[in-house]
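Derivation of every value follows stated rules applied to the coordinates shown; laboratory data play no part. Only a predicted model underlies this, so the values are computations on that prediction, with no experimental measurement involved. So basically every Cβ, Gly included, is an ideal-geometry build from the backbone, and we count neighbours across all protein chains shown.
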Amino acid sequence: MRFAQAITLVFALILLMQFFLEVPAIETAGGHLTSWNIVIAAFAMGLAAFNLIRIHLKRVQLKRGNWISSAILLIVLVVQTFVGLYFGDNSAQYKVFFDGIISPLGATMYAMLAFWIASAAFRAFKARTLDATILLCVGIIVMLGNAPIGEIIWSQFPALRSWLMTVPAMAAVRALYIGAAIGGIAVGVRVLLGIERGHLGGGE
Amino acid sequence: MSIFAPKQFFALISFIIMVGLVLYKVQQARNGKVPTIRKIAGLEAIEEAVGRATEMGRPIHYTPGTGNLVAATFAGLEVLGLAARTVARYGAQIIVTIRRPLVLPIADEIVRNSYMAEGIVESYSPDSVRYISSEQFAYAAGVMGIMSREKIAANIMLGYFLAESLMLSETGFKMGAIQIAGTDNRSQVPFFVATCDYVLIGEELFAAGAVASGNPLKLGSIAGQDLGKIYAILLLVIGSVTVNLGLNFLVDLMSK
Amino acid sequence: MLEKIQKMDQRIIYLVLLIALSFPMFRPLGLPVSIGQTSQDLYDFIDQLDPGSVVVLSIDYSPGAAAQIHPQTIAITKHLLSKKIKIVYMGLVQYASQFTTDAIAKAGDYNPVYGQDYVDLGFKPGEEATVSAMSKDIHATFVTDSDGTAIAELPMMADIKTASDIDLVIAFDSGGTRHWYVGQMQALYGTPVGCALNSVNVTNTMPYYDAGQVIGLLNGLRGAAEYEALIGDPGEATINLDSISSGHLVIILFILFGNIAYFGLRNSNKRKEA
């Protein structure tokens with residue numbers, strides 16, 4: 001554990017110094033660490049695939065509920081991997097999967113957000129208190145300002161939306177950014193000092 | 001040639017000051033001067049959620065977000081350790097879903113160690129931590145399926161989220177689950193507020209694990225974080241006043 | 001009645017929204033679009049670049065967000081090719097090459113020559129680390145293009161080696177890649193950064209725009225329609241923008257109905273209690 005913490009500290013300091021300083025040796029070391037990161041991420045992908053295969057293979061073997069979906073997942077995993085590796089991800093074969101499956105499925109999921117937003121807004125956007133009423137009014141102005149129909153209803157909606165986005169909303173966003181960035185620094189210090197060991201599997 | 005990267009001198013000084021303030025407060029805590037930090041309602045609710053799930057005999061879903069190993073993910077993993085220990089203590093079931101391969105082995109080890117810490121490592125199931133997909137919406141669809149099929153009683157989502165936030169929280173809402181969510185991605189906060197019972201916004205997420213653990217050193221780092229904010233506020237105030245007076249020394253200093 | 005509205009089946013909301021979104025696709029309303037300042041700024045920046053300048057287009061969106069962002073890619077590609085600006089396509093999300101191929105195919109009759117007018121470096125994993133590495137040495141970071149050709153063999157790449165050789169980077173981003181370009185390229189090397197985003201990501205990018213760290217940005221489908229208007233070539237986004245209007249209007253109506261029902265019920269309950 002101590003050795004792992006020491007590695008964390010040294011590597012993190014190299015990457016930090018690389019951001020702030022222009023020292024060739026540190027830049028070279030940082031470059032190598034960056035490459036290692038990419039390689040480790042690729043290996044982690046293999047580990048994740050193993051986890052996925054293990055869980056779904058077990059479900060198929062035991063014929064547990066919805067095992068057919070697990071079987072389909074495994075078949076698609078094998079076929080897509082084969083097509084990607086054998087034909088390459090710029091091939092016509094890969095494009096068939098991309099245009100025929102991945103793209104429409106992704107677009108469908110994202111498009112469904114519109115329906116969920118509508119039902120969540122209908123349920124949650126109630127003028128129960130003064131705060132909620134302000135939120136409701138601002139939400140409606142921004143929506144109308146973003147759509148061309150808002151300009152037809154009242155020509156000043158885009159200008160009002162723009163003011164809301166660039167003054168009150170931006171002030172709040174900046175406060176959140178600054179707070180979150182400093183919070184991120186505190187998490188970083190805890191990790192570097194070994195006070196926080198989540199990345200090493202937890203424990204105090 | 002300067003050894004400082006262009007435009008980074010002031011950033012480096014500010015970074016050193018902020019880290020120094022955090023270290024100072026950590027050291028104070030080490031010497032016994034532990035700060036009092038307000039309680040975070042969402043964290044208090046974790047035990048209630050686990051208790052309810054145990055009574056109902058239904059599992060708890062946990063996700064440390066869909067980001068890679070960024071600060072928000074670390075914060076989510078920090079709370080995962082505490083949630084998993086509570087789950088182990090109550091004898092409930094936890095399902096942790098993962099989008100990023102790099103997060104998988106860490107989450108797996110955290111859950112296993114939590115069961116070990118409670119002395120019931122034999123109750124740990126390797127199927128508790130599940131990699132779903134790196135593809136954003138495939139992950140969302142997979143998790144929504146798990147939430148519905150397993151009829152989850154509680155849904156805890158702490159980390160970095162994108163558009164999947166509303167998909168997951170709406171599904172949790174439909175399942176009638178207690179929902180605790182937190183993210184530092186401002187654009188997803190409104191969706192969580194509309195659908196969840198408890199929401200941790202921005203820096204609350206980073207403070208969550210430290211507050212929940214009660215570890216004096218971690219609490220010290222939160223107090224240091226507040227001193228950092230005072231430094232940022234001072235810069236904002238001095239900057240606004242001087243620029244309006246036509247003095248640009250701070251602007252010049254910042255661009256060095 | 002009010003109680004029925006309050007407890008309305010969600011599927012009714014879904015159905016009405018579906019009709020509202022689909023209707024303008026069959027009967028376009030042709031509503032006018034005014035040009036926002038953020039779109040104008042991005043357009044102006046590109047328009048003043050000299051022929052032969054280098055622009056990196058980082059194609060970082062998923063198929064899900066393509067409905068909003070891909071029309072932006074096509075419109076900006078058309079503008080760059082018309083100005084004889086060299087384009088380096090790349091991506092930090094795995095679908096980059098598929099979208100690049102499609103954007104070039106739909107960009108019109110400019111007949112760009114691969115390797116001279118544009119290159120496609122494809123997807124590179126590593127996220128922020130990749131942006132940091134390519135800022136220092138593009139050739140060492142990518143080595144080959146998306147087809148496996150060594151980038152040293154591509155004539156256009158001979159003079160494009162570091163962030164300093166790039167005149168503009170545009171992050172077509174549905175996640176968070178713009179933060180990496182601002183942090184690793186704009187802050188460290190002063191490389192100008194522009195953004196082409198889905199609407200949900202606009203608010204948290206505005207502080208960068210306001211501080212001059214992002215020179216301009218496009219806001220979702222509306223931004224794409226604005227850019228199409230700026231280059232004088234209305235396309236897919238202009239047609240689909242009417243759906244945004246009708247969709248927003250329906251959501252606002254549902255919110256209003258929900259509030260009428262909520263207050264109506266609350267008042268009648270108060271009367272009963274009295």
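Shown in residue order for the range B:231-247 are the 3J(HN,Hα) couplings computed by the Karplus curve 6.51 cos²θ - 1.76 cosθ + 1.60 at θ = phi - 60°: 4, 5, 5, 4, 4, 4, 5, 4, x, 4, 5, 5, 5, 5, 8, x, 9 Hz (x for Gly and Pro). Modelled spin labels at A:Val60 and C:Ile239, positioned 7 Å past Cα toward Cβ, are 4.1 nm from each other. Across peptide C:63-72, the mean count of Cβ atoms from other chains lying within 10 Å of each residue's own Cβ comes to 5. Taking each DSSP H run with n ≥ 4 as -39500 (n - 2.57) and averaging over every residue of chain C yields -15000 deg cm²/dmol at 222 nm. Each 10 Å bin from zero holds the following percent of Cα-Cα pairs in the protein assembly as shown: 3, 13, 24, 27, 22, 10, 2, 0, 0. The distance between label points at C:Ile260 and A:Leu77 comes to 5.2 nm (points 7 Å beyond Cα on the Cα→Cβ vector). Distance between the C-alpha centres of the range A:138-156 and the range B:131-187: 31 Å, rounded to the whole angstrom.
What does a probe at C:Glu153 reach in the range C:83-119, counting residues whose amide N is under 18 Å from the point 7 Å along Cα→Cβ? Of the residues in the range C:83-119, C:113-119 have backbone N under 18 Å from the label point off C:Glu153. Taking θ as phi - 60° and the Karplus parameters 6.51, -1.76 and 1.60, the scalar couplings of the range B:70-84 work out to 9, 4, 5, 5, 4, 5, x, 5, 4, 6, 4, x, 6, 5, 5 Hz in sequence order, x denoting glycine and proline. The orientation-averaged projection of the convex hull spanning the C-alpha atoms of the range C:85-188 amounts to 6.3 square nanometres. Fraction of C-alpha pairs exceeding 34 angstrom in chain B: 27 percent, rounded to a whole number.
Close amide H contacts of B:Ile94 (hydrogens built in the peptide plane, cut-off under 5 Å, sequence separation of 5 or more or a different chain): B:Ile60. A convex hull fitted around the alpha carbon atoms of the range B:79-226 yields 114 Å³ per residue.
Relative protection proxy for C:135-147, A:7-19, B:157-169, from highest mean packing down: B:157-169, C:135-147, A:7-19 (other beta-carbon atoms within 10 angstrom). Counting Cβ atoms of other protein chains within 10 Å of each Cβ in B:64-71 and taking the mean gives 4. What is the log10 of I(q)/I(0) for the range A:1-87, computed with the Debye formula using one identical point scatterer on each Cα and no solvent, at q = 0.27 Å⁻¹? Per q value, in the given order, log10 I(q)/I(0) is -1.27. In plain terms, the residue of B:Glu203, B:Glu109, B:Glu55 with the fewest other Cβ atoms within 10 Å comes first and the most crowded comes last, giving B:Glu55, B:Glu109, B:Glu203. Once you sort the root eigenvalues of the Cα gyration tensor of the range C:37-234 as a ≥ b ≥ c, which label holds: rounded (a/c under 1.5), prolate (a/b larger than b/c) or oblate (the other case)? Rounded, because the longest to shortest axis ratio a/c is under 1.5. Summarised in one figure, the compactness ratio Rg/Rh of chain A, Cα atoms and Kirkwood Rh, is 1.08. Evaluating 6.51 cos²θ - 1.76 cosθ + 1.60 at θ = phi - 60° for every residue in the range B:188-193, the Karplus couplings come out as 9, 4, x, 5, 5, 4 Hz, glycine and proline recorded as x. What the pair-distance distribution of the range C:193-274 shows, using all Cα-Cα distances binned every 5 Å from zero, is 3, 13, 13, 14, 13, 11, 8, 7, 6, 5, 4, 2, 1 percent.
Close amide H pairs (under 5 Å, H built 1.01 Å from N) link B:Tyr160 with B:Thr66, B:Gly67, B:Thr73, residues at least 5 positions away or on another chain. With 18 Å as the limit on Cα-Cα distance, the pairs of B:Lys174/C:Lys270; C:Lys78/C:Lys106; B:Lys33/B:Lys229; B:Lys174/C:Lys7; B:Lys33/B:Lys218; A:Lys126/B:Lys39 that go past it are B:Lys174/C:Lys270; B:Lys33/B:Lys229; A:Lys126/B:Lys39. Note on B:103-116: average number of Cβ atoms from other chains within 10 Å of each residue's Cβ is 4.
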